[in-house]
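Peer 1: My questions will all concern the structure given below.
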Amino acid sequence: MRYFTTDTYDTKRDILNFSSKLTKNCGKVTSKFVAEMIYGLCASKSVHLSKIADVLHEPIQKKNTIERLSLNLMNELPESINTNYLSAAMKELGDTPIIYVDDSDVTKPHGKAFEDLCMVKDGSTDTICKGYHMTEIVGLTQKTKQPISLYSSVYSNTSDDFVSTNDVTYKALDEVMKHLAGKKATFAFDRGFDQNAMFNYFKETHHDFIIRVKGSRNFYLNHKKSPTKASRIAATRKGKIKEEIWFQNEKKTVYVSHLNCRITASKQKVGLVVVHGLSEKEPMLLVTNKVLKSKEDVISVVRTYMSRWRIEEYFRFKKQHFEFEDFRVRGLDAINNLNELLSYAIGFMAKLLEKKESRILTRRLLKKSNPLKKNVLFYFYQIAKGIFLTLVHARTGVAAWFDTTVHASDYEQLSLFDLAA
């Protein structure tokens, strides 16, 4: 049996219900714009305003729709929208959230008219080209372990208000921690965040961290006065704990050791976890402020860090499925508004996936994508394709769902009697 009409209606209704919760404190114009953009991104699988205009099916010239969307993107989105989104996203993380922080790039090698273009390193080709930097923080949903964006910012180091990359990172962390509502989270970082300032930052919070450090990082051992390099420590510990983990789509046998030591930056007590077997060149070194009392605690740290691939896949999904690097808006504020709305659209998909076992619509959308593998660890490609194939049958956009009737009270003029009163 086919459910084209029913699924189209239900999917559209879910998107608009999700959007209305984000814009519950906003006016009609903003509410309609946010709903149109989230729907348009899902239905067109593109950040091109021309393609979004196509799926909105407005009874006006296409260029007028594009112009209206473009003008709205130039306006600052109300802060209440992001606050409402974060409130909804935090509910999907559970009581002990796992959060990943990473930097990426948005390349525009042939761009000329984009605001404040700077030089970035293209992570896929290791070449230097024009583009923007991007900082992203995602949490893992409690049931399906899918990444859901908690913070995303596109910035340029040539902008007048740019201070430093560290400043962007710490502002992002402050913003996320502010919305955790007392929950104790575990933040995981790659080697690029192996900085004394980062250890000092977390010393002032109640949250846990897992940071992959470089071999040149120094530690104090057994109350010794002189520090020892991490690479030297790792060479003396070959791993007492044997475990099998997935790494780069391959199951590998690793040997893990751990010891208690102190970081040189703040003399903070930390646990150093040494992982042999992932690379022939050097072991992986993880530092955490978690209390490690058992083998299970140590393996949990390793597995939590290894799940970082989800944020890297999140970047890939964002760029490939939605063609994010091919955006055409030129102002940096408009780029960030577009990026923010895209984060909301993907966040909507994450919330749908959390109901994978209980919601018939989610199961039908996943089935409609006709996946080669049904049981995967990253479901965004499937759910996004299912939504696209469902909404492609829609003959109208979302305008009909909004009350555009002009009431006399909306434009009530003052009378002489009002002035007299």
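Only the coordinates and a few stated rules stand behind these numbers; no lab work does. Because the structure is a prediction, the values reported are computed rather than measured. Here Cβ is always computed from backbone atoms with ideal geometry, including for glycine, and neighbour counts include all displayed protein chains.
Peer 1: Need one word for the range 275-318: rounded, prolate or oblate. Basis is the Cα gyration tensor (sqrt eigenvalues a ≥ b ≥ c); a/c below 1.5 gives rounded, then a/b vs b/c decides.
Peer 2: The shape class here is oblate.
Peer 1: Please pull out the direction-averaged projected area of the range 82-212, using the convex hull of its alpha-carbon atoms, in nm² to one decimal place.
Peer 2: The Cα convex hull of the range 82-212, projected and averaged over all directions, gives 9.2 nm².
Peer 1: Could you identify which residue out of 190, 116, 167 has the top mean-square fluctuation in a GNM of the chain using Cα springs shorter than 10 Å?
Peer 2: Sorting by GNM fluctuation, first place goes to 167.
Peer 1: Ratio of alpha-carbon Rg to the 2.2 N^0.38 Å globular estimate for the chain, to two decimals, please.
Peer 2: Cα Rg divided by the expected 2.2 N^0.38 Å: 1.11.
Peer 1: Say we join alpha carbon atoms closer than 10 Å with springs in a Gaussian network model of the chain; which of 200, 222, 337 then has the biggest fluctuation?
Peer 2: Fluctuation is largest for 222.
Peer 1: What is the order of 26, 261, fewest Cβ neighbours within 10 Å to most?
Peer 2: 26, 261
Peer 1: State the extension gain, in nm to one decimal, for the chain segment bounded by residue 401 and residue 71, taking 0.36 nm per residue of separation less the distance between their alpha-carbons.
Peer 2: This chain segment gains 116.6 nm when fully extended.
Peer 1: On to the next question. Which of the lysines could a cross-linker bridge to residue 238, judged by Cα under 23 Å and excluding same-chain residues fewer than eight apart?
Peer 2: Within the straight-line limit of under 23 Å, residue 238 reaches these lysines: 214, 224, 229, 251, 252, 269, 281, 290, 293, 295.
Peer 1: On to the next question. Most mobile of 141, 23, 158 per a Gaussian network model of the chain (Cα springs, under 10 Å)?
Peer 2: 158
Peer 1: Can you pull out the GluC sites (Glu not before Pro) in the range 322-380 whose DSSP state is coil and whose Cβ has at most 14 other Cβ atoms within 10 Å?
Peer 2: Answer by residue number: 357.
Peer 1: Taking the simple approach of a point 7 Å from Cα along Cα-to-Cβ for both residue 206 and residue 83, what is their distance in nm?
Peer 2: Between residue 206 and residue 83, the label points sit 2.2 nm apart.
Peer 1: Separate question: For labels at residue 175 and residue 221 in the simple 7 Å Cα→Cβ model, what's the distance in nm?
Peer 2: It is 4.2 nm.
Peer 1: Which of the three applies to the range 1-144, rounded, prolate or oblate, going by the alpha-carbon gyration tensor with a ≥ b ≥ c and a/c under 1.5 meaning rounded?
Peer 2: oblate
Peer 1: Using 1/(1 + (r/R0)^6) with R0 = 51 angstrom and r between the beta carbons of residue 113 and residue 241, what's the FRET efficiency to the nearest 0.05?
Peer 2: The calculated FRET efficiency here is 0.40.
Peer 1: Taking 22 Å as R0, compute the FRET efficiency from the Cβ-Cβ separation of residue 13 and residue 378 and round it to 0.05.
Peer 2: Efficiency at R0 = 22 Å is approximately 0.25.
Peer 1: Could you put 30, 127 in order, starting from the residue whose Cβ has the fewest other Cβ atoms within 10 Å?
Peer 2: Lowest count first: 127, 30.
Peer 1: Quickly rank 310-319, 225-234, 39-48 as a protection proxy: mean count of other C-beta atoms within 10 Å, highest first.
Peer 2: 39-48, 310-319, 225-234
Peer 1: Right, something else. Taking the beta-carbon count within 10 Å as an exposure proxy, list 333, 14 from fewest neighbours to most.
Peer 2: With the fewest neighbours first, 333, 14 line up as 333, 14.
Peer 1: Extension gain residue 163-residue 95, at 0.36 nm per residue separation less the Cα-Cα distance, in nm?
Peer 2: Answer, rounded to one decimal: 21.1 nm.
Peer 1: Suppose every Lys and Arg Cβ carries +1 and every Asp and Glu Cβ carries -1, with no other charges. What dipole size does the chain come out with about its Cα centre, to the nearest 20 debye?
Peer 2: 2380 debye
Peer 1: Using only the Cα atoms of the range 269-357, build the gyration tensor, take square roots of its eigenvalues as a ≥ b ≥ c, and label the shape rounded, prolate or oblate: rounded if a/c is under 1.5, else prolate if a/b is larger than b/c, else oblate.
Peer 2: Verdict is prolate for the range 269-357.
Peer 1: Positive end of the dipole of the range 208-332, charges at C-beta (+1 Lys, Arg; -1 Asp, Glu), about the Cα centre: which of 278, 241, 321 has its Cα farthest in that direction?
Peer 2: Value: 241.
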